[in-house]
Amino acid sequence: MLSPAPEEPLLLAELKPGRPHQFDWKSSCETWSVAFSPDGSWFAWSQGHCIVKLIPWPLEEQFIPKGFESKSRSSKNDPKGRGSPKEKTLDCGQIVWGLAFSPWPCPPTRKLWARLHPQVPDVSCLILATGLNDGQIKIWEVQTGLLLLNLSGHQDVVRDLSFTPSGSLILVSASRDKTLRIWDLNKHGKQIQVLSGHLQWVYCCSISPDCSMLCSAAGEKSVFLWSMRSYTLIRKLEGHQSSVVSCDFSPDSALLVTASYDTSVIMWDPYTGERLRSLHHTQLDPAMDDSDVHMSSLRSVCFSPEGLYLATVADDRLLRIWALELKAPIAFAPMTNGLCCTFFPHGGVIATGTRDGHVQFWTAPRVLSSLKHLCRKALRSFLTTYQVLALPIPKKMKEFLTYRTF
C-alpha cells in the first residue's frame, strides 16, 4: 500500500569532489553516472576528471545528518574477513560516462571457470565496468581496485553499461558510435555481438530483470527492444516527440519506462508494445515560461526496487517522485543541474549526480507493498503479458496483473 501523503525528499548527504590543480576545473567535471552495487554494499560515483570513487555503503557517519544514521557496517559486507572495506579511487585516464556493477554474489560456475582457465583474469568477484570517452571499457575488481580487463571495440564515447542480472557476466555497452555491443567477461571480455540500427548516439541501455529483453535509447524519437536470447530486434516503440535519453524496466520486467527531451515519461508494456501511460513534466514556478520545453527536458528515470515508484531528473532543477498509479508527482526536491538518478537496491534512498560533479543522497518513500502487488510482482517475473491474458481468470484480474488498471 502507498503512503497517503509522502513527505518531500530530504537531503541526507552531498559529496563534492576535490579540485585537483592539474585539471581545468571548468571542463569534464560532470557526474554522468552513479550506481549502487546490487547487494547495496558499495556506491560508485563518476566525479569528473577521469576519476571514479568507490565508496563503501552505508556512508561514514560524518556525512549523514543526525537522526538519519544507518546501522554500522557489519562483516557481511566483507566476506573474506579483511576488515572494513575502504574507499577507493579509480583513475580511468579518460572521462567516465557509464558505470555498472556486476551481480553479486557470484554463482559457483564462475569459480569453476576460473579453475579450468587459470590464464583468464579472475572475475569471480564483485566488479565494476566503466565506459570511457575514447570508446574503451575498463573492468575493475571492487574489493581491491585492481584493473582486470580493458575492452576495445567502440569507436566513440561509451555512454552506458548494463550487466545481465542473472550473474552470467554478459555486459551490454551503448555508445555514441550508434551501436550496442555484447561482451562475455567469462571469456576474457570477448565481444560476442554488435547491435546496429540506431541512426543517432545511443544514450542508454537497460536489460530486463528476467534477462529476456534489452532496451536501447538513442537521440531518436523511438526506442529499440532487442531479444537477449537471439540478439535480434523485437520491435521499435514510437510515441515520443523528441530524443529519448533514459530507460528502465520494472523489477518484474512487466513495465518499461522511457524519458525524453519532450518533457514526458512513457510507460510501456514491453511484451505487446502498448503505451500504457504518459507522465508530463510541467513547470512549477509561475515565473518560468512554460513554452520553453527545454526547461523540463528529462535527463534520467528509474524504478524503485519494489516497483511502486519512479524517480525522474529534469532540467527544471527538480527531482520528482511518482507513484505508479498516479499521473502527477507525489513529491519534489530542488536540485541544480541534475544528470542522473538511481535508487538504493533496498529502498529508502535515491542518489543523484550533477553537472558540477556532486552526488546527493535523498530520502525516498518507504512502502509496505500490498499482498496483491507482491503476488502480481511474483507472477509477472515469469509470465509474459500474453501468458497472463491466456489464463482462465476474470477480466479484472487480468487487467490488474497486466497493469491496465491505471
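Modelled label positions at Arg275 and Ser381, each set 7 Å beyond Cα in the direction of Cβ, lie 3.2 nm from each other. A protection proxy built from the mean count of other Cβ atoms within 10 Å ranks the segments 391-400, 225-234, 298-307, most packed first, as 298-307, 225-234, 391-400. Taking a Cβ cut-off of under 12 Å around Ala35, the surrounding Lys, Arg, Asp and Glu residues balance to a net charge of 0, with basic ones at +1 and acidic ones at -1. Taking other residues whose beta carbon is less than 15 angstrom from the beta carbon of Ile192, and scoring Lys, Arg as +1 and Asp, Glu as -1, yields +3. Counting Lys and Arg as +1 and Asp and Glu as -1 over every other residue whose Cβ lies under 12 Å from the Cβ of Pro209, the net charge comes to -1.
Of the accessible area of the range 258-406, with the probe set at 1.4 angstrom, what percent is carbon plus sulfur? Spell out each step's value before the answer.
Details: 3770 of 6350 Å².
The C+S portion of the solvent-accessible surface of the range 258-406 is 59 percent.
Whole-Hz Karplus values for the range 203-209 come out as 8, 8, 9, 9, 9, 5, x Hz, taken residue by residue from phi with 6.51 cos²θ - 1.76 cosθ + 1.60 and θ = phi - 60°; glycine and proline positions read x.
The Cα center of the range 297-339 and the Cα center of the range 340-379 differ in position by 10 Å.
The values are calculated or read from the model by the stated rules, or taken from the named source; none is laboratory data. Just so you know, these numbers come straight off a predicted model, no measurement behind them. Every residue, glycine as well, gets a Cβ built from its backbone with ideal geometry; the counts of neighbours run over all protein chains shown. The accessibility values were calculated without ligands, DNA or RNA, using every heavy atom of the protein model including side chains. Shrake-Rupley method; radii C 1.70, N 1.55, O 1.52, S 1.80 Å.
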